[in-house]
Amino acid sequence: MKTDNITLKFQDGFQGTLESPTAKINIGKTDNGIQPYHMLYGALGSCFYATFLSVSEKMRLSFSKAVVEISGTKREETPATLNHVKVELTVFNPSHQEKLIKAAQNGAKFCSIFETISQVAEMELVVLFKEEA
């Protein structure tokens, strides 16, 4: 099953653009250039959140908004692959905390990018809740 198609165009060293069917972003050492691990963590976070949202909707759970923060560390040896990735999900005004934790766990389990990265790195999922007016 084909996932998608993107094009990377470079000039003058590590300065370029990533063009997808729906957007274009600067990458590398250029104004507002996003770096490789930024893109990897962005892909992980958006895949995880989309999957979490789908699971939450099926479970008829609700919340007002969410924030996903991702950080990680790499090994010292070459190749310096990831060894630990932390995915922190903060859910605001949750309808049911325990069920939302389960939805987040399933979001991680069924997110293909989370699962792919877990083949080389220890994955940590943290779910936090905040009430907001």
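The values are calculated or read from the model by the stated rules, or taken from the named source; none is laboratory data. It should be emphasised that the depicted structure is a prediction, and the values quoted were computed from it without experimental measurement. Reconstructed Cβ throughout: ideal geometry from the backbone, glycine too, with neighbour counts over all protein chains shown.
Numbers for the structure displayed
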| quantity | calculated |
| --- | --- |
| One residue from V67, V55 being under 13 Å from V126 (Cα atoms), surrounded by 13 or more Cβ atoms within 10 Å (Cβ to Cβ) and among the β-branched types (V, I, T) | V67 |
| Residue selected from the range 75-133 under the condition surrounded by fewer than 16 Cβ atoms within 10 Å (Cβ to Cβ) and in contact with a His (Cβ under 9 Å, 6 or more places away or on another chain), by the criterion nearest to F48 (Cα to Cα) | E124 |
| Any chance T51 is part of a loop (DSSP other than H, G, I, E, B) and either out of contact with any Lys or Arg (no Cβ under 9 Å at 6 or more places or on another chain) or among the hydroxyl-bearing types (S, T, Y) (or both) | no |
| Residues located in the range 1-30, provided they are of a type in the set (D, E) and either assigned by TED's automatic domain parsing to the domain that holds I117 or outside any loop (DSSP other than H, G, I, E, B) (or both) | E19 |
| Scope the range 92-116; condition over 15 Å from the mean Cα position of the chain (by Cα) and either in a loop (DSSP other than H, G, I, E, B) or in contact (Cβ under 8 Å) with a residue 24 or more places away in the chain (or both); matching residues | F92, N93, P94, S95, H96, Q97, K99, L100, I101, K102, A103 |
